[in-house]
1. Out of GLN8, GLN26, I need the residue that is open to solvent by 90 Å² or more (accessible area, probe 1.4 Å) and either of a type in the set (S, T, N, Q) or at pLDDT below 85 (or both). Which one?
2. Somewhere in the range 127-139, is a residue at pLDDT below 90 and open to solvent by less than 30 Å² (accessible area, probe 1.4 Å)?
3. Give the residues of the range 52-90 that are open to solvent by less than 80 Å² (accessible area, probe 1.4 Å), farther than 16 Å from ARG131 by Cβ and outside any loop (DSSP other than H, G, I, E, B), sorted by residue number.
4. Can you go through MET88, MET124, MET83 and tell me which one is over 11 Å from the mean Cα position of the chain (by Cα) and at pLDDT below 95?
5. Which one is nearest to GLY188 (Cα to Cα) among residues in the range 110-125 that are part of a helix (DSSP H, G or I) and in contact with a strand residue (DSSP E or B) (Cβ under 9 Å, 6 or more places away or on another chain)?
6. Looking at (1) at pLDDT below 95; (2) more than 21 Å from GLY188 (Cα to Cα), which is the one condition that is false for GLU107?
7. I'd like the full set of residues that are modelled with pLDDT of 90 or more and either touching a helix residue (DSSP H, G or I) at 6+ places or on another chain (Cβ under 7 Å) or open to solvent by less than 60 Å² (accessible area, probe 1.4 Å) (or both), limited to the range 35-45.
8. Collect the residues in the range 46-80 that are modelled with pLDDT under 90, under 25 Å from GLY138 (Cβ atoms) and polar (S, T, N, Q), keeping them in residue-number order.
Amino acid sequence: LPAQQQEQDDLDNVLRAAERGRQLVQRILAFSRQREIVRVPTSLDRVVREALDLLRASMPSTIEIRSHLEGATPQVLADDTQMHQVVMNLAINAAQAMTTGGVLRVELSSFHADAAWAAKHPGMHEGWCARLSVVDTGVGMSPEVKQRIFEPFYTTKPAGRGTGLGLSVTLGIVQALEGTIEVTSAPGQGTRVDVW
């Protein structure tokens, strides 16, 4: 029986490694694929709610998910699937920064970009837009780490715990949809990611 258990454990390890490989290939393809994005009027409220339902089912019980979604947030021209991926990537990344538990806040609100704000955010214009914020109470980041988080394959996670593609894919999606992303973080003070 112990030999059979060892064989089963070995097979389980092979299956887990194959699954990680499959996920890595999918992320590499998603990151490198130069496909035309189908942009349609999208209610981010609906997309975020769907993502939160999935997250609540998969997050550890040590992480409390709080959401505040304004019902009157402007629709955006976006791809539903890609926006869902943005929410999931940001939330999963935030959860992984809270190794001993914490609070994950996901907020969706209307934001009026004035001339001064637009001038500080290249490619953005004055007017109303939607703002998605993902805030965690995790370990936070040093300025050196924060400077590199969008680099493909850069990760602070141990081997086998991340590919370093989640945030670079997220940035690519946001930029392709003519949006912008901003990260506020400090060691021991958590992280806030805003997407306009």
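1. Details: GLN8 fails: open to solvent by 90 Å² or more (accessible area, probe 1.4 Å).
After ruling out the rest, the residue left standing is GLN26.
2. Taking the range 127-139 first, the residues at pLDDT below 90 are none.
No - not one qualifying residue is present in the range 127-139.
3. Result: LEU52, LEU55, ILE63, ILE65, ASP80, GLN82, HIS84, GLN85, MET88, ASN89.
4. Numbers: MET88 fails: over 11 Å from the mean Cα position of the chain (by Cα); MET83 fails: over 11 Å from the mean Cα position of the chain (by Cα).
Being over 11 Å from the mean Cα position of the chain (by Cα) and at pLDDT below 95 holds for just one of MET88, MET124, MET83, which is MET124.
5. Of all residues in the range 110-125, those part of a helix (DSSP H, G or I) come to 115-120.
If we keep only those that are in contact with a strand residue (DSSP E or B) (Cβ under 9 Å, 6 or more places away or on another chain) too, we end up with 117-118.
On the way: TRP117: 28, ALA118: 30 Å.
The selected residue is TRP117.
6. All conditions pass for GLU107, except number (1).
7. Correct list: LEU44, ASP45.
8. The one that is modelled with pLDDT under 90, under 25 Å from GLY138 (Cβ atoms) and polar (S, T, N, Q): SER58.
The values are calculated or read from the model by the stated rules, or taken from the named source; none is laboratory data. Model, not experiment: these values are computed from the prediction. Ideal geometry is used to build each Cβ from the backbone, glycine not excepted, and the neighbour counts take in all protein chains shown. Calculation scope for accessible area: heavy atoms of the full protein, side chains included, ligands and nucleic acids excluded. Shrake-Rupley method; radii C 1.70, N 1.55, O 1.52, S 1.80 Å.
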